[in-house]
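Read-outs: derived from the displayed coordinates by stated rules, not from any lab. Remember, predicted model here, so these are calculated numbers, not experimental data. Cβ placement follows ideal geometry from the backbone for every residue including glycine, while neighbour counts extend to all protein chains displayed.
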Amino acid sequence: MRTLWAVYRESFRLTVLEMSQYRVNLAIWILSLIAEPIIYMTVWTIVTQEQGGTVGGLTAGQFSAYYITWMLVRHFTVTLAPDAIEWRVRNGIFSGLLLRPLHPIHQDVGSNLGYKLVALPIILAIMFGLALVFPPTFQLQPLTALLFVPAVILGYLIRFITHWVLGLSAFWITRTQALFGLYFVAEIFLTGRFAPMSILPDWIEAIATVSPFRWMIAFPVELILGIMPADQIPFGFLMQALWLFVMIGVLRVVWAAGVRQYTAVSG
Amino acid sequence: MTSPVIEIEHLVKTYHVPEREPGLRAALVSLIKRKTREVKAVHDISFQVQPGEIVGFLGPNGAGKTTTLKTLSGLLYPTSGKVEVLNYQPSKRERAFLRQITLVMGQRNQLVWDIPAADSFELNRAIYGIPETEFRQTLQELVELLDLGPLITKPVRNLSLGERMKCEIAGALLHRPKVLFLDEPTIGLDVTAQRRIREFIREYNARYGASVLLTSHYMADVEALCKRVIVIHHGRIIFDGQLSALVDRFNVNKTIIVRPGDEPIETARIAQYGEVISEENGQITLKVPRDQATRVTTRLLTELPITDVSIADPPIEDAIEQIFATPDEAVPAN
């Protein structure tokens, strides 16, 4: 456990050091993140105005609150891209990682947390700026604000492991971009990225609810904004726990099979 | 008698390589039915390495050297045969095993590019759970042995290839492995850097009693470090023994160095005695069949106006070249 903690700490530190080398690059990349919520907020503001002030029971201010919060949750649940894992497999980088007496996912989590810390002040500044342009309507409750923290952590872990597993598909498939593309289309709709769950067709919401997607990002956002009815919150945590458990199991199986495949054919 | 550190018995490693004819039709057919070809990278090899030994593992490209090293370090699963390193089965990749070995592959970068190597070393310390005092001591020793000095505090991207390789090697040895698999550790380096790394490997071996299995295309590495060599060709071991025996066994020629007297000798005249390899600094070097060397030398001394003559073994490269140029079936098994 002490080793694990030291690895997290060192990976975190290295990423902070590494990112500080490319401040301009970091700033440009983070600014590119603004584009997406701005598009959604602009579109939904116009639509609510044309629909007489609300869409699916949400006002322009609530849409604004949704996407500003979504931006924060998205930042906390940003993971190592599956492409990065694929790149390691294809370029033999995994060989070096497999020689180490520790599962490489730990190092990735530590690095990823380092990235979050460095980028967080910029994300908060952008959120503040967006709140000035698109005034949000927040109705925060102390209890849901408190529950928001474990919901984000669980959402992050589910998403991180899912993306890692997806990246491991490169052990079997040479070109994985089609698979990743398909996955991210599903993520756009089912994580509440394109629109809040409450205004999507029932069948999409039903699919999102049984899939891990809703519990990655939409649930923490709906929780803190009070969109999710109080009696459904325990169900939400239950689904998060269930999907985390399932994804850890899938990771173990896929990792073992992937390493077997890697050690059988390439190395 | 001590038990071997590395033990391989009848190792076979076969790859299934996708195969396809060129052209659109073949591409479409391959979408439905994939054709694969079996490639035997390593074919029934056996050898042992004793504690503290430095063994050169030689062979041309594609001979099976890297496959064997990867199998020994647990990166490849053997198709059949027994592989043991430090009494572990490498393919199980147990943590206790991984903590005691290292595999250095030339030009494979494990250090973080944008930050100093010293920071990457800290991550290695955490991953291998090296106690702080031991880590500082080992690092200090490695810095001294590899002459790293200020290099480890410079961003890796600002280092030259040789400097980076030295840092890579230091990073790979911080946990003081007992077994080192070195795959072309001096590839692409200049002569000075090559010598430095060679000296380091020798010193590390002497200081820690580590066993080393080394592949290199530079015979200077092998000559400087390895008393014993294993030669692999087309996945089979064709020689395992002392380096000197390799030369005796496979060198079919000798070189005769002739120093003419005051009277110059025409090249055409001396070429009657053997193949003229070079003419420089007033001396002529001839290559003659090994079994004729004594007779030719006697003839040279009696028939030509020369002041001095000496016989030597040709460079070891010639022996290796000779082996690799020999068709498979003609190479005697060891």
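Data table
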| item | result |
| --- | --- |
| Helix-only CD estimate at 222 nm, as mean residue ellipticity for the protein assembly as shown, using -39500 (n - 2.57) per DSSP H run (n ≥ 4) | -17000 deg cm²/dmol |
| Under 5 Å, built H, 5+ apart or other chain: amide partners of residue B:253 | B:290 |
| Residue mean of other protein chain beta carbons inside 10 Å, B:81-93 | 1 |
| R0 of 22 Å, Cβ-Cβ distance residue B:291-residue B:224: FRET efficiency to nearest 0.05 | 0.15 |
| Over 25 Å between alpha carbons, listed pairs B:13/B:92; B:40/B:70; B:227/B:254; B:92/B:227 | B:92/B:227 |
| Positive-end residue of A:65, A:75, A:110, charge dipole of segment A:1-146 with Cβ unit charges | A:110 |
| Additional length obtainable on full extension of the chain from residue A:20 to residue A:149, 0.36 nm per residue less Cα span | 43.7 nm |
| Check: segment A:127-232 dipole with +1 on Lys, Arg Cβ and -1 on Asp, Glu Cβ, in debye | 340 debye |
| Total charge dipole magnitude, the protein assembly as shown, about the Cα centre, Cβ charges on Lys, Arg, Asp, Glu only, Debye to nearest 20 | 1400 debye |
| Cα centre as origin, Lys/Arg/Asp/Glu Cβ charges: chain A dipole, Debye | 940 debye |
| Other protein chain Cβ atoms within 10 Å, averaged over every residue that makes up A:6-18 | 4 |
| Hz values of 3J(HN,Hα) by residue in segment A:55-63 - Karplus curve (6.51, -1.76, 1.60), Gly and Pro given as x | 10, x, x, 9, 8, 4, x, 6, 4 |
| Distance between segment A:239-257 and segment A:70-111 - C-alpha centres, whole angstrom | 16 Å |
| Neighbour net charge for residue A:198 - beta-carbon separation under 9 angstrom, K R +1, D E -1 | -2 |
| Gain in span if fully extended, residue A:261 to residue A:50, counting 0.36 nm per residue against the direct Cα distance | 70.4 nm |
| Sparse-neighbourhood loop sites, chymotrypsin sites (Phe, Trp or Tyr not before Pro) in segment B:85-183 - DSSP loop, at most 14 other Cβ within 10 angstrom | B:113 |
| Positive-end residue, the protein assembly as shown charge dipole about Cα centroid, Cβ charges, pick of B:86, A:179, B:278 | A:179 |
| Proximal charge balance of residue B:99 [Cβ under 13 Å; K/R count +1, D/E count -1] | +4 |
| Top positive-direction residue, dipole computed over chain B with Cβ charges, set B:201, B:177, B:211 | B:177 |
| Derived scalar couplings ³J(HN,Hα) [segment A:178-193; Karplus, 6.51 cos²θ - 1.76 cosθ + 1.60; whole Hz; x for Gly, Pro] | 4, 5, 4, x, 4, 4, 6, 5, 4, 5, 4, 7, 8, 9, x, 7 |
| Relative exposure of B:211, A:211, judged by other C-beta atoms within 10 Å (fewest first) | A:211, B:211 |
| Rounded to whole Hz, the Karplus (6.51, -1.76, 1.60) HN-Hα couplings of segment A:228-234, x for glycine and proline | 7, x, 4, 6, 9, 5, x |
| Amide hydrogen neighbours beyond the local backbone of residue B:277, cut-off 5 Å, H modeled | B:285, B:286, B:287 |
| At R0 = 41 Å, FRET efficiency that the Cβ-Cβ distance of residue A:28 and residue B:50 yields, to 0.05 | 0.10 |
